[in-house]
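For reference, the structure is listed below as C-alpha cells.
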Amino acid sequence: MENKTLVFFLSFITFGQITFGQNNKIKAVENNLTEVRELIFEDTIISKYNILDRMKFYKIPSVSIAVINDGKLEWTKTYGYADIEKKN
C-alpha cells in the first residue's frame, strides 16, 4: 500500500513541476513583448510590454497564440473577446 502512495505522490510532484515550468514560459511570452526592429547593442535599453497592454494600445479585441517547439505544439492560449460588447 505504501508503494502505490509513493508512486502517486511522485507523479503528482512531477506533474506539478511541468505545469509550473509551462506557466513560467507562458508568462515570459506574455510579459516580454518588444518593439525592436533594428540592430541593438549590449547597453541598449529595451522596453518590454505585456500582451494585454499591447492589445489595448493597438485596439485589438482578441489574439490567439500557438507555440511550436521542435516541431511539436507546446502550448496555446487566447486573450480577449470575440465580441467585446458581450464580453464573450
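Considering only residues that are part of a helix (DSSP H, G or I) and of a type in the set (A, V, I, L, M, F, W, C), which ones fall in the stretch 33-56?
Quick first cut of the stretch 33-56, residues part of a helix (DSSP H, G or I) only: 51-56.
51, 52, 55, listed by residue number.
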Legend entry - Any chance residue 83 is under 14 Å from residue 30 (Cα atoms) and among the acidic types (Asp, Glu): no
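Out of all the residues in the stretch 57-66, is one or more part of a loop (DSSP other than H, G, I, E, B), exposed (fewer than 10 other Cβ atoms within 10 Å of the Cβ) and of a type in the set (Gly, Ala, Ser)?
Looking for residues that are part of a loop (DSSP other than H, G, I, E, B), exposed (fewer than 10 other Cβ atoms within 10 Å of the Cβ) and of a type in the set (Gly, Ala, Ser), one finds none in the stretch 57-66, hence no.
Coordinate-derived values only; no laboratory data. Keep in mind the model is a prediction, meaning the values are calculated, not measured. Cβ: placed from backbone, ideal geometry, glycine included. Neighbour counts: every protein chain shown.
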